[in-house]
Structure formats: structure tokens, C-alpha cells
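J.: To start, I am sharing the structure in question, which I have written as C-alpha cells.
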2 protein chains.
Amino acid sequence: MNQLNICIAGLGNVGSNLISTIEKNKDFIASKASFLINIKGISAKNPNKKRIFKLKNYKWFHNPLDLLTINDCNVLIELIGDEKGISYNLVKKSLEKKINVITANKALLAKNGSELFRLAEKNNVLLLYEAAVAGGIPIIRTLKQNIFLHNIKRISGILNGTTNYILTTMFNKNKSFDEVLEIAKDKGYTTTNEAELDIGGLDSAHKLTLLTTLCFGSVINYNNNNVTGLANIETFDLINAYKLGYKIKLISEASLINNQIYCVTEPKLISINNPLANVDGVLNAIYLETDQLESLFLEGEGAGGKATASSVISDLYEIASNTNIKSLGYSNKKLINFKKLDISAIKSLYYLRIMTKDIAGVLSKITSYFKNFNISIEKILQLPDTSNKEKPIPIIITTHEVQKKILMKVINKIEKQKFVLAKITIIQIDKNL
Amino acid sequence: MNQLNICIAGLGNVGSNLISTIEKNKDFIASKASFLINIKGISAKNPNKKRIFKLKNYKWFHNPLDLLTINDCNVLIELIGDEKGISYNLVKKSLEKKINVITANKALLAKNGSELFRLAEKNNVLLLYEAAVAGGIPIIRTLKQNIFLHNIKRISGILNGTTNYILTTMFNKNKSFDEVLEIAKDKGYTTTNEAELDIGGLDSAHKLTLLTTLCFGSVINYNNNNVTGLANIETFDLINAYKLGYKIKLISEASLINNQIYCVTEPKLISINNPLANVDGVLNAIYLETDQLESLFLEGEGAGGKATASSVISDLYEIASNTNIKSLGYSNKKLINFKKLDISAIKSLYYLRIMTKDIAGVLSKITSYFKNFNISIEKILQLPDTSNKEKPIPIIITTHEVQKKILMKVINKIEKQKFVLAKITIIQIDKNL
């Protein structure tokens, strides 16, 4: 029987569920897959916190770095989740000691992956991270093994459960962003600290960084990301979008365009016929187009201790399976340093919300600016609130294809007009059905 | 550089696309994955048929069995697709000669897999079949590697593109089964020969046989299947189902219930909130529930030469990756011969369509039979066609939970009544949202 001796640093939701699942399934795993998982040591900040497993059944290490002194440990599992600091040190030292590493730490890998994956390859050990992207959805292994020999055209996904929950609930319950954020915190989907990474789109961008490397063989480079968070999305926009046949989702998308990296996380209007539009609540999903598949769609739990722990366990199985597949699929030396695409030159469709004073001639002035820049308007919704002459009037415009940089010229002109009462909301409309 | 020398028997849609994709991607694959695919020989019935690649670039073998005389062949790819005969002989002889086999042949594996997988394991070679189930969706590898250490609760899917196309088009275009079947043949989705396997649900059952073994570690046994095809489904049912909040799909589902195998392919009413309800056209999809994941949903192309060929290529990559994972995930000796569950004892919800004469008192008679057997009715739709007194009146009934065997007693009673003009249509309603 194959044996894996593991140690675990970080015993939050994922770490605790990992231990609990291993306890429940140890015999099942031994019988199904002929391998034994032995937990040789654990470490966390607080030894006194109440957890879903009995701490005293395991050897406790106050300092996670001391886990590396365990003699026969095959795998270090890093679930502390710091972007730098102890997480970085622990992973690095583990790889230097030729101990395989499994981590759920997307921020660490997005920022320091280039160094860490090279170190793993040099020392002939694995650095695995199925749990770092889309929780329980096996997207890493799908890209690295199942469809690795495809030439991937485009990857597009919903990679953050918290923001998807917020957008879904704002729309379904007609509640404001701030109200729903509080509900999300109450439900434990996010914390005040995490919320900034979630809402700002940074957590999604960390994950997209890894997916981009897996899909296109690009050097891991977080700076390739263009990120826009939810800041300007209002419930009103979600409702208007739906009237136009769209849902608004925080979409992370990557492709190679003219041999340059397109890697963008931003809220987008998605046609209700696109499967991504129906991914609701805390679910995550990924949509792939390749030279051999018109579409492959995966949907599942993007977060949660149990689902994420299941991905850690699948990494343990990869290590036990003794494959010759590299941590990133590619050998590090094959990764290419693609140029970052200037996205301002890409042509897209846009949704605009302009808040104006209720005075005559506003609409004709606005449309004349668009005409001057040859931007063709697809639809206009003017939604006057006749009950209150003092309230700003929202004008919703959807455009035909236009470069963002051209659009921004018009936006800047219009925003300077006195009848415009607020910054104009600009959301891209996804062209793919 | 790793090398795989392959030979291919069967050059229909999948075989031809396989060669064409390898030709296009040979350098790409060599550079991305450091392995070379060499096609050492090909064989098919007709050397003169026009194909999408140049036959003369490859060594032709008139008899596919002669492919096994090639000295340095690592992999035999069987794409002839016979359930027995030459396909069986070729696969068996190849495994006996310790040559890995890749096949898309679900019928062969569902019927003879038990023998063939044992032979592969004995001879320490792989018998791979990603292309045999759900075309381009990597469901085999997902079950065998990505979530192999999960305890799977239930698998449910749409595994046949042709029937899904037929059901979708009957509903969307309000056309009859026979009309749409002709369209499906014209489009090349099925042939007169294949149609029987598709429409009868047998093709889906072949695939479900393999999935059941992967999910539950059961001995491969086609006899575990309970199969109902589309025979009794009319466009009228699809429209009524939609009015009640459902789509009708040909669903293949397996689970272990009281340690017995539940393995059923049948048309079902699926709530429009269930992602399977929105899988339209020739797409396939699979929905999984495990001890660690509430849901994992995969959707993609279930057929088509290119998509299916891509799964053959992923099997080549598995062979090149030199993993120690078995063909079925499990070692053959671990497979369990579960008892087949008596599904007539399972409680379900049902949709019934009863075609009756337009005479007074019919509804009260029908409902009294249900009352006598304590079957509780959820909804009744009586849809009289006032334009024509001669035409039968359809009565649609949905029931609360009832055992099929109890339901059948009532059905038999009602069918004997003179006012009932046709066999009653009985379709199960899926309980899972």
C-alpha cells in the first residue's frame, strides 16, 4: 500500500474540513485507491480554538516551519493563506527540502508562483493548487490533464463566490450592494478583510493569473491582469440589464490575441442564453473554447471548507498517482513571456448609465456626442421618474462595437456637461452567447 | 522526447478527425507536452472513400488485425464500433499482445468490459475510453482522477446527443417525433441503424454502465440497466410538461440504494431550475453529487468527430503521462458485484397522460381509482378540444410519491375502461431540483 505522510499548516475552515474528511474517509480511500494518508503534524495560530476535529489526536507544532523537521513527511499542505510572510517562507523552505507542497493560496501563487514553481521543478517535487481556483471544481486538473493537448482559445468564468452571491441577491431581492454585503458577512461568505479582495476583483484576478498560465503557457505574471471590481454596479443596473436580456456577472476572461495576453476581470452584461448567466449564488463556473471543443462548461461550489478540502485531497491523489505531469502542466522553461495586450484598443459593446438633470434636450445632446465620434447606439432607455422632478433621470445606452479608448473620449466630454450629475457607469457587454 | 507509436482501426468521423487533429497539432503537442505521436498504420473498410486527410501519407492495412503485427506499436486505437466481432477480436488480441488500447466503443465495453479490463490489468497495459462516454466532456478522467477519492452519491446525465436534439427540436419547433428524427438523420446526428440504439435509450445505457462502475466500483454489468426509450413521448407531453414547470429529457441516473445498484435510463420531467433542463440540442451534460460536493456539473459536446477525437487524444496523453492509475480507476479485483435494485418499489412522482372519450364522469371515475389505491394526485389538467367532439380528450395527471408497482395496478385498471382510448403515457418526475 502506497503511503503519504502529510502535515498541515493552517486549520481554518479548509484545514479543519480536510482533517475531518480524511478521518471519515481514511479506510474508504485505502480500500478504493490503495493508499494511506497519515497526518504527521499540524500547526495553526490558535491551539485553543474550538474545531470540528480533536486537536489532541495529532502532533501539534507551534511554529509551522517546524513541520518541516518531521523526518518522513512527503507533503506539506499550506492553508494559512497569507500572500507573503509565513506562507511564502513555509512553501519555499518545503520545496527546498524536496517536500511536495499543496496549497489553496492563490494570492501567493499569483504573486510568487514564478519563483516557487521553478523551485519545485528544480527539486523534482510537486507544487499543487487545485484548491486555489474555483473551490471544488476540478478546473486545474481539467486544464493540466484532461484537455492539456487542446489549443485553448478562450477561458471565461465566475471565479469568486462572494461577489456572485452579492450580484445574485441584489437582483433577486432588489436589495442594495451595502445591504447584501452585510448579509454575505453574516453568512460567513466573506470577512471585512477579505471583502476588499472579493469586491475589488483581486481574488478573481489571482485565480485568473493561474488559469492563464495553464491555458496559454504564459509566465505567471499578476501584472498582466486588468481588474475592475463591483464598485459602480447598482441594483438598478442589474434590473435594467435583465430588461435588455442580460445578467451582470463578475467575469474573469483570458485569451491570446495577436500573441498578446488578454487577462481581464470585470463586471459584464452576459446574455441570459449564456450558461454563465444562470450561475447563481456562491456557485462558480468556467467556460472553455478550444480548437477541438466548441464549448466545455463546468459549474460547482467555488468555496466552502468541505468542497475546497476535496480539491486538496485530489492533489494528494495526484501525488500518490506518481504521474510525470508537471505542476503547471508545462515545464517552467517552456513558459512564454507574452506581452500584455492594450485592452483600450479592443472593440466591444457597452452598457452606459448616465444620470442627468430632468431638462429638455439632454437626450439629443448626448446622442450628438456619440454621432460626432461615430459611435453607433444600439438602444436607449430613458426612464424618467415622473414622481419627482428633483431626482436625476437615468439614461441607459447600449452601444454597437467601439474601442474603449474612443468611448472614453465621448464619456469624458459628456461627463463635463452640467446636466450630467454623476460619474457615468460603463459596463462591457459580452459578445459571446 | 517521449514517443507514442499508434495505429488506428476505423476511419469514420472520429477516426478521420483524430488523424486530422494529430496532423494539425503534432508540433504543438511536441512542444507543449514533449511527446511525439507517430501514426504507424491505419485500417478501415473502404480505402477509396473520400476522407479529410490524405490516405497515402499512412501505411494502409486491409485487415485491422494486421495492425498488431507492427513491431513498435504502443497503442491500438479501435474506432470501428462493432459491439462484437472484429472490434472485440482486435481489442482482445491487442491487450493479449500487451499493446495499450484506446476505444470509443461503449457497446463493446458495456457488454464485454468485465473480461477486457481484467485482461488489460493482467497484461499491465491500459484500456482507455474517454471518447466512449459523452464525447468531448472529460467525464471519465474526472471520475477516475479528479474526484476519485470522493464517495459518490448520485450521477445523473444526458448522455445521448441525438435524443436530446430530438426532444429539444420537438419542443422548440412544435414538430412531431418522426419529423424531427428525419431532420436528425439529414444532419448526420444519427443513421437508421444507430437510431434504434439512440431512441431506445440503449446507447445511453451502454455509457451509464461504464459510469456506474467508475462511480460505485461495481462489476461492469449491462444487465443492471433499466431502460425506457422515447417511444411514448409526444410533442404534446413536452408542451404540457413545460406548462407545469418542467422539461422532458432522457436522463441516465445511477446510485447505490441500500447497497444495491440503481441504474436507470428513462425520459423524465426535470424542473426548469435544474441545470440539466437547460441542456439543449446535441449537448450532453453530467451532474454529480458526492460526500464532498453538493454539485458538480459538466456540459459540452456529446458527439461529433472533432470533440470525440479530442477525448482519444486525452487518452494518449494519459498513456504518455505514465501514471499508475488503472483503466477503471479501481483494480478489477476490487469491483463489487452489487445486487440490482428492484426499481418498482421506489417511490417517485409521476406524470400521466390518459386519452379518453369525451363523455361525462370520466374524470371522477379516474380519480376514484387513484383514491382506492391511496395514490394522491398533485395536479390535473383536462384539456378538451372543443372543436371536435370525436377527438380523444387528454387528461394530464401528476401524482405525489408512489411506488411504480402500486401505480401500475391503477394504470392497469384504468386502461381496461372503455372510455380510455390508448395506452397511458407514464413519465417519472425528477425529485431533485
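Read the figures in this text as sums done on the coordinates, not as results from a lab. Predicted model, so just to flag it, every value in this text is computed and none were measured. Quick reminder, even Gly has a Cβ in these numbers, built from the backbone with ideal geometry, and neighbours come from all protein chains shown.
J.: So, with +1 on the Cβ of K and R and -1 on the Cβ of D and E, and no other charges, what is the size of the charge dipole of the protein assembly as shown about its Cα centre, to the nearest 20 debye?
T.: Working: 110 positive and 78 negative charges, 80 e Å.
Result for the protein assembly as shown is approximately 380 debye, rounded to the nearest 20.
J.: What nm distance separates the two modelled labels at B:D27 and A:N71, each placed 7 Å from Cα along Cα→Cβ?
T.: That separation, rounded to one decimal, is 5.4 nm.
J.: Follow-up question, since we're still on this one. Taking only the C-alpha atoms, wrap a convex hull around the stretch B:194-299 and report its volume per residue in Å³ as a whole number.
T.: Values: hull volume 12.7 nm³, N = 106.
Hull volume normalised by residue count: 120 Å³.
J.: Would the protein assembly as shown count as rounded, prolate or oblate if I go by the C-alpha gyration tensor, calling it rounded below 1.5 in a/c and otherwise prolate when a/b exceeds b/c, oblate otherwise? Please list the in-between numbers first.
T.: On the way: a/c = 1.42, a/b = 1.04, b/c = 1.36.
Rounded shape, in that the Cα axes give a/c under 1.5.
J.: Could you identify which residue out of A:E299, A:E96, A:E179 has the top mean-square fluctuation in a GNM of chain A using Cα springs shorter than 10 Å?
T.: Greatest mean-square fluctuation among the candidates belongs to A:E179.
J.: In the structure displayed, which of A:K111/A:K185; A:K347/B:K24; A:K84/A:K111 lie more than 19 Å apart, Cα to Cα? Walk me through the numbers on the way to the answer.
T.: Numbers: A:K111/A:K185 27 Å; A:K347/B:K24 30 Å; A:K84/A:K111 9 Å.
From A:K111/A:K185; A:K347/B:K24; A:K84/A:K111, over 19 Å: A:K111/A:K185; A:K347/B:K24.
J.: Compute a Gaussian network model of chain A, connecting alpha carbons closer than 10 Å, and tell me which residue from A:K405, A:K371, A:K32 fluctuates the most.
T.: A:K32
J.: Next question. I need the inter-copy label distances for A:A30: point set 7 Å along Cα to C-beta, values in nm with one decimal, smallest first.
T.: For A:A30, the inter-copy label distances come out at 4.9 nm.
J.: Find the centroid of the Cα atoms in the stretch A:282-342 and in the stretch B:61-76, then give the distance between the two in whole Å.
T.: Between the Cα centres of the stretch A:282-342 and the stretch B:61-76 lies a distance of 36 Å.
J.: Mean-square fluctuation check for chain A, GNM, Cα pairs under 10 Å: which of A:D237, A:D198, A:D66 is largest?
T.: A:D66
J.: Right, here's the next one. Put +1 on the Cβ of every Lys and Arg and -1 on every Asp and Glu Cβ in chain A; which of A:P275, A:Y88, A:N432 then has its Cα farthest towards the positive end of the dipole?
T.: It is A:Y88, whose Cα lies furthest towards the positive end.
J.: Using the alpha-carbon centroid of each, what span in Å lies between the stretch B:92-126 and the stretch B:176-215?
T.: The distance from the Cα centre of the stretch B:92-126 to that of the stretch B:176-215 comes to 24 Å.
J.: List every residue whose amide H lies under 5 Å from the amide H of A:N2, counting only residues 5 or more places away in sequence or on a different chain, with H placed 1.01 Å from N in the peptide plane.
T.: Amide H neighbours of A:N2: A:L36.
J.: What list of whole percents do you get for P(r) of the stretch A:344-429, with Cα-Cα distances grouped in 5 Å bins up to the one holding the largest distance?
T.: For the stretch A:344-429, the pair-distance distribution reads 3, 15, 28, 27, 16, 8, 3, 1, 0.
J.: State, as an integer percentage, the relative contact order of chain A based on alpha-carbon contacts under 8 Å between residues 6 or more apart. Please list the in-between numbers first.
T.: Values: 881 pairs, mean separation 68.5, N = 433.
Worked out over chain A, it gives 16 percent.
J.: Still on this structure: ³J(HN,Hα) across the stretch A:292-298 via Karplus (A = 6.51, B = -1.76, C = 1.60, θ = phi - 60°), whole Hz, x for Gly/Pro?
T.: Karplus values, whole Hz, x for Gly and Pro: 10, 10, 5, 7, 9, 10, 10.
J.: If the chain between A:E96 and A:E83 were fully stretched, how many nm would it gain, using 0.36 nm times the residue separation less the Cα-Cα distance?
T.: Values: separation 13, 0.36 × 13 = 4.68 nm, distance 1.90 nm.
Here the segment from A:E96 to A:E83 would lengthen by 2.8 nm.
J.: According to the square roots a ≥ b ≥ c of the eigenvalues of the Cα gyration tensor, what is the shape class of the stretch B:87-235, taking rounded for a/c under 1.5, prolate for a/b larger than b/c otherwise, and oblate for the remainder? Don't skip to the end; give the middle numbers.
T.: On the way: a/c = 2.41, a/b = 1.77, b/c = 1.36.
Judged from the Cα gyration tensor, the stretch B:87-235 comes out prolate (a/c at least 1.5, a/b above b/c).
J.: Still on this structure, please answer the following. Among A:A33, A:N412, A:A254, whose Cα lies farthest out toward the positive end of the dipole of chain A, if unit charges sit on the beta carbon of Lys, Arg (+1) and Asp, Glu (-1)?
T.: A:N412
J.: Now for a separate question. Pop out the Kirkwood hydrodynamic radius of chain A from its pairwise C-alpha distances, inverse of mean 1/r, in Å to one decimal.
T.: Numbers: mean 1/r = 0.0430 Å⁻¹.
Mean inverse Cα-Cα distance, inverted, gives 23.3 Å.
J.: Here is a follow-up. Under the convention of a label 7 Å out along Cα→Cβ, give the distances in nm from A:K173 to the same position in every other copy, shortest first.
T.: Inter-copy label distances (nm, one decimal, shortest first): 4.5.
J.: Does the stretch B:1-81 come out rounded, prolate or oblate by the C-alpha gyration tensor, with a ≥ b ≥ c the root eigenvalues, rounded set by a/c under 1.5 and, if not, prolate when a/b is larger than b/c and oblate if not? Before the final figure, lay out the partial values.
T.: Numbers: a/c = 2.16, a/b = 1.36, b/c = 1.59.
In terms of gyration-tensor shape, oblate.
J.: Let me ask something additional. Determine which chain A residue has its Cβ at minimum distance from the rotation axis mapping A onto B, giving the value in whole Å.
T.: In chain A, the Cβ lying nearest the symmetry axis toward B is A:T323, 2.
J.: For B:L11, what charge total do you get from the other residues with a beta carbon under 10 Å from its beta carbon, if Lys and Arg give +1 and Asp and Glu give -1? Write out the running numbers ahead of the final one.
T.: Numbers: positive: B:K45, B:K49, B:R51; negative: none.
Here the charged neighbours net out to +3.
J.: Using the membrane-span-like helix rule (whole DSSP H runs, Cα extent along the own axis of at least 20 Å, mean Kyte-Doolittle hydropathy at least 0.5), which helices of chain A qualify?
T.: Values: long enough: A:13-33 (27 Å, -0.23); A:106-122 (22 Å, -0.26); A:202-216 (21 Å, 0.84); A:305-321 (24 Å, 0.35).
Both cut-offs are met by A:202-216.
J.: Remind me, relative contact order of the stretch A:150-234 in percent, using alpha carbon pairs under 8 angstrom and six or more residues apart?
T.: Numbers: 67 pairs, mean separation 25.1, N = 85.
Relative contact order comes out at 30 percent.
J.: Further question: Between copies, how close do the A:I257 label points come, placed 7 Å along Cα→Cβ, listed in nm from shortest?
T.: Those label-point separations list as 5.2 nm.
J.: How fast does the stretch B:8-165 diffuse by Stokes-Einstein, in µm²/s, taking the Kirkwood radius from C-alpha pairs at 10 °C and 1.306 mPa s? Let's see the in-between values first.
T.: Working: Rh = 17.0 Å.
Here the translational diffusion coefficient equals 94 µm²/s.
J.: Report, in deg cm²/dmol and to the nearest 500, the calculated mean residue ellipticity at 222 nm for chain A, where each DSSP H run with n ≥ 4 adds -39500 (n - 2.57) and the sum is divided by the residue count. Could the numbers behind the result be given before it?
T.: Values: 11 runs with 145 residues, N = 433.
Calculated from helices alone, the mean residue ellipticity at 222 nm is -10500 deg cm²/dmol.
J.: For A:N124 and A:I336 in one chain, what is 0.36 nm times their gap in residues minus the Cα-Cα distance, to one decimal in nm? Each step should come with its number before you reach the end.
T.: On the way: separation 212, 0.36 × 212 = 76.32 nm, distance 2.11 nm.
Difference between extended and current length: 74.2 nm.
J.: Let me know the volume per residue of the alpha-carbon convex hull for the stretch A:283-335, in Å³. All intermediate terms of the calculation are to be shown ahead of the outcome.
T.: Details: hull volume 6.6 nm³, N = 53.
Convex hull volume per residue, Cα atoms: 124 Å³.
J.: On to the next question. What whole-number distance in Å separates the alpha-carbon centres of the stretch A:132-157 and the stretch A:26-49?
T.: 27 Å
J.: In addition: Apply the Karplus curve 6.51 cos²θ - 1.76 cosθ + 1.60, θ = phi - 60°, to the phi angles in the stretch A:332-341 and return the couplings in whole Hz, x for Gly and Pro.
T.: With the stated coefficients, the stretch A:332-341 comes to 3, 5, 8, 5, 10, 8, 5, 6, 7, 6 Hz.
J.: Among the aspartates and glutamates, select those whose C-alpha is under 19 Å from the C-alpha of A:K371, and discard any that sit fewer than 8 residues away in the same chain.
T.: The reachable aspartates and glutamates, counting only those whose Cα sits under 19 Å from A:K371, are A:E401, A:E415.
J.: Turning to a different aspect of this structure: Remind me, relative contact order of the stretch A:200-319 in percent, using alpha carbon pairs under 8 angstrom and six or more residues apart?
T.: RCO, the stretch A:200-319: 19 percent.
J.: Roughly how big is the stretch B:345-431's charge dipole about its Cα centre, with Cβ charges of +1 (Lys, Arg) and -1 (Asp, Glu), in debye to the nearest 20? Don't skip to the answer; put the middle values down first.
T.: Numbers: 16 positive and 7 negative charges, 70 e Å.
It comes to approximately 340 debye.
J.: Counting only residues 5 or more places away or on other chains, whose amide H sits under 5 Å from the amide H of B:I325 once H atoms are built in the peptide plane?
T.: none
J.: What dipole magnitude, in Debye to the nearest 20, does chain A give about its Cα centre under +1 on Lys/Arg Cβ and -1 on Asp/Glu Cβ? Display every interim value, and only then the final one.
T.: Values: 55 positive and 39 negative charges, 124 e Å.
It works out to roughly 600 debye.
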